[in-house]
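Asks: Mind having a look at this structure? Questions to follow.
The values are calculated or read from the model by the stated rules, or taken from the named source; none is laboratory data. This structure is a prediction, so every number in the text was calculated from the model and none was measured. Neighbour counts are summed over all protein chains in view; Cβ atoms, including those assigned to glycine, are modelled from backbone coordinates with ideal geometry. Accessible surface areas use protein heavy atoms only, side chains included; no ligands, DNA or RNA. Shrake-Rupley method; radii C 1.70, N 1.55, O 1.52, S 1.80 Å.
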Amino acid sequence: MAPETSAGSGSLRGPEGGAPSPPPGVELLWTGRVAEHAGDAMAHRRLLDAEESARLDAFHRPADREAFAVAHVALRRLLGARLGRAPEAVALAREPCGHCGGPHGRPVVPGTPVHFSLSHTSSTGSGLVLIALAPGRVGVDVEAVPRESTIADVAPQLHPRERTELAALPAADRPLAFTRCWTRKESLLKAAGVGLGGGLSLTYAGTGPHPATDTGWSLSDLPVDPGYAAAVAVRP
């Protein structure tokens, strides 16, 4: 992980062997494997604010605790470098939810032009973190490909066209297609600030090799490790 005053760079590699390039509208992408950064993040947990520290301590599973620490320490370093502040001096808040008005909308840095989104997965011995900074609303999501039982439980909540697409696929192709769809959909909802309650069945993101192009957002898949999928949504 980068020094506290540097934006740093991610650990994952794109298809050509270099760091993933941000799509248009995204200022910076940071991707990292939890196992490679957990020790440094936990050693620098002092950079977190009181709320983040309380959330960190509330995790029972070490894998969840480490993924949270990596994501939030990296976020503070990136925001601090972008804003010219010490990481621990970056104040975070939440906008009202765009769906229900509750105090759990998009996270923001009040009084600054920087928008950000972060996502992380956690499992013993693995896990990924994904962070984006942008001049406008942005949402990211990274997910591990789930078990078939999870897909069977969640797929009925998707858009009707997405359910039809999944049902038409061979069983072996369904898990990755579902995960692509889910990361696209969640990145859209996070960018809009409405969360999962804001329209899983209403928003069409697509399950195929390329995301939907008629969402009102610029939606892109991102290169990540095998067994995962990731996406970013930003205002065009």
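Asks: List, in order, the whole-Hz ³J(HN,Hα) value for each residue of the range 219-228 obtained from phi through the Karplus relation with A = 6.51, B = -1.76, C = 1.60 and θ = phi - 60°; use x for Gly and Pro.
Replies: With coefficients 6.51, -1.76 and 1.60, one gets 10, 9, 7, 10, x, 9, 4, x, x, 10 Hz.
Asks: Classify the range 72-163 as rounded, prolate or oblate from the Cα gyration tensor: take a ≥ b ≥ c as the square roots of its eigenvalues, call it rounded if a/c is under 1.5, otherwise prolate when a/b beats b/c and oblate if not.
Replies: Verdict is oblate for the range 72-163.
Asks: Let me ask you something else. At 1.4 Å probe size, with the rest of the protein present, what percent of the exposed accessible area of the range 162-226 is carbon and sulfur atoms?
Replies: Details: 1680 of 2810 Å².
Using a 1.4 Å probe with all protein chains present, the range 162-226 comes out at 60 percent carbon and sulfur.
Asks: Let me check I've understood the local charge: for TRP217, count other residues with C-beta under 9 angstrom from its C-beta, Lys and Arg +1, Asp and Glu -1. What total comes out? The partial results should precede the final answer.
Replies: On the way: positive: ARG137, ARG235; negative: none.
Local net charge: +2.
Asks: Mind listing the long-range amide H neighbours of ARG106? Cut-off is under 5 Å, sequence gap 5 or more, other chains count too, H placed in the peptide plane at 1.01 Å from N.
Replies: Hits under the 5 Å cutoff: GLU95, GLY98.
Asks: Calculate the length of the line joining the C-alpha centroid of the range 157-236 to that of the range 104-155, in whole Å.
Replies: Distance between centres, Cα-based: 13 Å.
Asks: Then there's this: Using the Karplus curve 6.51 cos²θ - 1.76 cosθ + 1.60 with θ = phi - 60°, what ³J(HN,Hα) values do you get for each residue of the range 169-180, in whole Hz, with x for Gly and Pro?
Replies: The phi angles translate into 7, x, 4, 5, 8, 5, x, 5, 4, 4, 5, 4 Hz.
Asks: Between (i) 99, 42, 28; (ii) 54, 36, 29; (iii) 51, 37, 37, which entry matches Cα extents along the principal axes in Å as derived from the coordinates of this structure?
Replies: Computed from the coordinates, Cα extents along the principal axes in Å corresponds to (iii).
Asks: Sticking with this one: What trypsin sites (Lys or Arg not before Pro) does the range 133-224 have in DSSP loop regions with at most 12 other beta carbons within 10 Å?
Replies: Details: sites: ARG137, ARG147, ARG161, ARG163, ARG180, ARG184, LYS185, LYS190; in loops: ARG137, ARG147.
Those that pass, being in a loop and sparsely packed, are ARG147.
Asks: I would also like to ask the following. Run the dipole for the chain about the Cα centre, Lys and Arg Cβ at +1, Asp and Glu Cβ at -1, nothing else charged, and hand back the magnitude in debye, nearest 20.
Replies: 320 debye
Asks: Let me ask something additional. Give the residue from PRO226, MET42, LEU118 lying farthest towards the positive end of the charge dipole for the chain; charges sit on Cβ (+1 for Lys and Arg, -1 for Asp and Glu) and the dipole is referred to the Cα centre.
Replies: Farthest towards the positive pole: LEU118.
Asks: Tell me which residues come under 5 Å, amide H to amide H, from LEU28 once H is placed; ignore anything under 5 positions away on its chain.
Replies: Result for LEU28 returns LEU133.
Asks: Of PRO175, LEU133, HIS72, whose Cα points farthest to the positive end of the dipole of the chain (charges on the beta-carbon: +1 Lys, Arg; -1 Asp, Glu; origin at the Cα centre)?
Replies: Looking along the dipole axis, the top candidate is LEU133.
Asks: A follow-up question, please. Given a 1.4 Å probe, how much area per residue of the range 125-216 is accessible, in Å²?
Replies: 43 Å²
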